[in-house]
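A quick write-up on the structure given underneath.
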Amino acid sequence: MTKMSVGQVITVCQVSSDFSKLYLHINKVVDTPIIDLGCRTKIKTYVRNVREWLWSYRQPLHRVVTYDDWSYELSS
């Protein structure tokens, strides 16, 4: 399991199912729960409009999480 630092800014990247888009989420780690299910990296982040986000979620399940804000570098 990979333990990330609470309070750390992260970039979460996801590729669309047809590989035509790259979704980026910039956020802060608010918790690092210990759960045996799912991925190796366990983080909780704050999401604005969580109900809207949850019900419209159509992206693939797998993500890449990196420390810091990489939005500028990944947008070029």
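The table below gives the values:
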| read-out | value |
| --- | --- |
| Any hit, region 60-71, residues being in a helix (DSSP H, G or I), surrounded by 11 or more Cβ atoms within 10 Å (Cβ to Cβ) and modelled with pLDDT of 75 or more | yes |
| Candidate set: region 31-59, residues that are surrounded by fewer than 10 Cβ atoms within 10 Å (Cβ to Cβ) and in a helix (DSSP H, G or I); chosen: the one modelled with the highest pLDDT | Arg51 |
| Selection count where residues are free of Cβ contacts under 8 Å to residues at least 40 places away in the same chain and closer than 21 Å to Leu74 by Cβ, scope region 1-32 | 9 |
| Count of region 1-30 residues which are part of a strand (DSSP E or B) and surrounded by 11 or more Cβ atoms within 10 Å (Cβ to Cβ) | 16 |
| Check on Ile35, among the hydrophobic types (A, V, I, L, M, F, W, C) and over 24 Å from Glu73 (Cβ atoms) | yes |
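The values are calculated or read from the model by the stated rules, or taken from the named source; none is laboratory data. If you're wondering where the values come from, they're calculated on a predicted model, not measured in any experiment. Cβ: placed from backbone, ideal geometry, glycine included. Neighbour counts: every protein chain shown.
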